[in-house]
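Chemist: Input: one structure, supplied below.
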Amino acid sequence: MAKKVLVTGVTGQDGAYLSKLLLEKGYEVYGTKRRTSSEIAWRLEYLGVYKDIRFVDLELTEPHNIFNLVQKYQFDEIYNLAAQSFVRASFDQPLYTADVDGIAVARFVEAIRQTSPQTKFYQASTSEMFGKIQEEKQSETTAFYPRSPYAVAKLYGHWIVVNYRESYNMHASSGILFNHESPLRGEEFVTRKITKHLAEIHYGKRDILELGNMDSTRDWGFAGDYVEGMYLMLQQPKADDYVLATGETTSIRDFVILAAKQIGFDIEWQGKAENEIGIDCKSGKTIIKINPVHYRPAEVDVLLGDSSKARKILGWKPKVGLEKLANMMVEADMKWAACIEQARY
Ligand code: NDP
Ligand code: GDP
């Protein structure tokens, strides 16, 4: 009989890639949507898996939703990917973020403990928990120092998973994932914003790409590689926590240069801080400006992951490097920007 799996947040970037992987492996995939979800289908349709998902309703702030779902279906595996995932928004919605990204995780593990103890559980933890970094390369043993309500909430989710694993011998694992991107990345995140807006500028549909702090650096990988790591964690005889990362870190400014070059722009930078601008040397036009509205009350300056544990125990490693990742995103956004009939523009 096919294994039954629940993917919360199936309408998001990782949910789409993970459900495709699990369907290929022969799982019966249940995916959660909420009544307020607007564009349920686009990512799943992009990957050609929409029709194969069994949708179930889930609002994470409703305790009974979680309890009933866990009890009713007796899943073999649950991947909890649903979250308020945007760091900037968590500063404006700290309590909601605490509930969805923190407390809801406790609802899951408690529901599993009470009603479906055989279910294996994956929690989407994050490198943002390292925040103001305490070690040059961050691994499973690096001390956490969260710098946003998002990271604080995720830290609660992370520790409640560790606590239930240790208290009740549950198969509950956390993946501490560094930033991972793709053509399906939400448009509010910086890489996708950069490739989408630059593609629109190329096609004359936008004049300016507005950014915040371009000096921070991130360890960016490809989402398709990272969902393989999530799957591998739940196939281990014992649950544990694992960092997934590429081991390279790049500034936002350098990602802009990379994506711009792939589109055919040649950027020259002028000015400093809030007055910095990026000029396309070919057209002479200013196409990049700073808008302080995108600055954060507290910033995570650098993230750089050490994923040796996952490489050794899971046999996991990222296959897609940054240049190829940027290229995948640029190609997709150029296609979307070129297509005037596309409903999303
Ligand atoms: P997305 O923002 O693309 O997807 C988030 C998903 O959560 C969506 O399906 C969304 O549904 C759902 N969701 C949000 N709020 C609720 C709620 N109250 N009730 C039910 N569902 C809800 O995130 P990603 O796919 O990029 O990330 C997946 C997970 O991994 C998240 O938990 C994120 O925090 C974490 N993570 C991501 C990293 C990354 O670089 N991508 C790095 C480290 C961790 P809807 O479509 O209705 O909005
Ligand atoms: P995060 O690492 O989860 O916060 O991922 P983001 O993609 O949202 O942000 C990565 C970094 O890019 C952070 O240091 C942001 O401050 C920086 N950044 C600079 N400009 C922007 C912008 O316009 N939007 C976003 N989302 N981030 C920006």
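The values are calculated or read from the model by the stated rules, or taken from the named source; none is laboratory data. Everything numeric in this text was worked out from a predicted model, so none of it was measured. Note that we place each Cβ from the backbone using ideal geometry, even for glycine, and neighbour counts take in every protein chain shown. Heavy atoms of the whole protein, side chains included, go into the accessibility calculation; ligands, DNA and RNA do not. Shrake-Rupley method; radii C 1.70, N 1.55, O 1.52, S 1.80 Å.
Okay, residues lined up against (1) open to solvent by 50 Å² or more (accessible area, probe 1.4 Å); (2) in the same structural domain as Phe91 (by TED's automatic domain parsing); (3) aliphatic (A, V, I, L, M); (4) farther than 20 Å from Phe255 by Cβ:
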| site | (1), (2), (3), (4) |
| --- | --- |
| Ser283 | yes, no, no, yes |
| Pro297 | yes, no, no, yes |
| Asp306 | no, no, no, yes |
| Lys309 | yes, no, no, yes |
| Gly315 | yes, no, no, yes |
| Ala326 | no, no, yes, no |
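Chemist: So, in the range 32-46, how many residues would count as being free of Cβ contacts under 8 Å to residues at least 40 places away in the same chain, within 25 Å of Gly229 (Cα to Cα) and open to solvent by less than 70 Å² (accessible area, probe 1.4 Å)?
Modeler: 4
Chemist: Does Ile112 meet the test of being aliphatic (A, V, I, L, M), within 11 Å of ligand 1 (Cβ to nearest atom) and part of a helix (DSSP H, G or I)?
Modeler: Judged against the criteria, Ile112 is not a match.
Chemist: Hey, does the range 196-204 have a residue that's under 17 Å from the mean Cα position of the chain (by Cα) and among the acidic types (Asp, Glu)?
Modeler: Within the range 196-204, none of the residues are under 17 Å from the mean Cα position of the chain (by Cα) and among the acidic types (Asp, Glu).
Chemist: May I ask you to list pairs of residues, at least six apart or on different chains, whose Cβ atoms are under 8 Å apart, with the first in the range 100-119 being over 13 Å from Leu69 (Cα atoms) and the second being among the charged types (D, E, K, R)?
Modeler: Asp101/Lys154; Gly102/Lys154; Gln118/Asp76
Chemist: Then there's this: All but one of (1) in contact with a helix residue (DSSP H, G or I) (Cβ under 9 Å, 6 or more places away or on another chain); (2) touching a residue at least 12 places away in the same chain (Cβ under 8 Å); (3) open to solvent by 60 Å² or more (accessible area, probe 1.4 Å) hold for Arg54, so report the exception by its number.
Modeler: Condition not satisfied by Arg54: (1).
Chemist: Would you be able to say whether some residue in the range 169-178 is surrounded by fewer than 22 Cβ atoms within 10 Å (Cβ to Cβ), touching a helix residue (DSSP H, G or I) at 6+ places or on another chain (Cβ under 9 Å) and not in a strand (DSSP E or B)?
Modeler: The answer is yes; a qualifying residue exists.
Chemist: If we scan the range 13-31, do we find a residue that is in a strand (DSSP E or B), open to solvent by less than 20 Å² (accessible area, probe 1.4 Å) and away from ligand 2 (no atom under 16 Å from the Cβ)?
Modeler: yes
Chemist: State which residue is nearest to Arg113 (Cα to Cα) when the search covers only the range 75-102 and only residues that are more than 11 Å from ligand 1 (Cβ to nearest atom) and either outside the structural domain of Asp14 (by TED's automatic domain parsing) or open to solvent by 10 Å² or more (accessible area, probe 1.4 Å) (or both).
Modeler: The residue in question is Asp76.
Chemist: Count, please, the residues in the range 115-150 that happen to be within 15 Å of ligand 1 (Cβ to nearest atom) and closer than 22 Å to Phe86 by Cα.
Modeler: Summing the residues that are within 15 Å of ligand 1 (Cβ to nearest atom) and closer than 22 Å to Phe86 by Cα in the range 115-150 gives 17.
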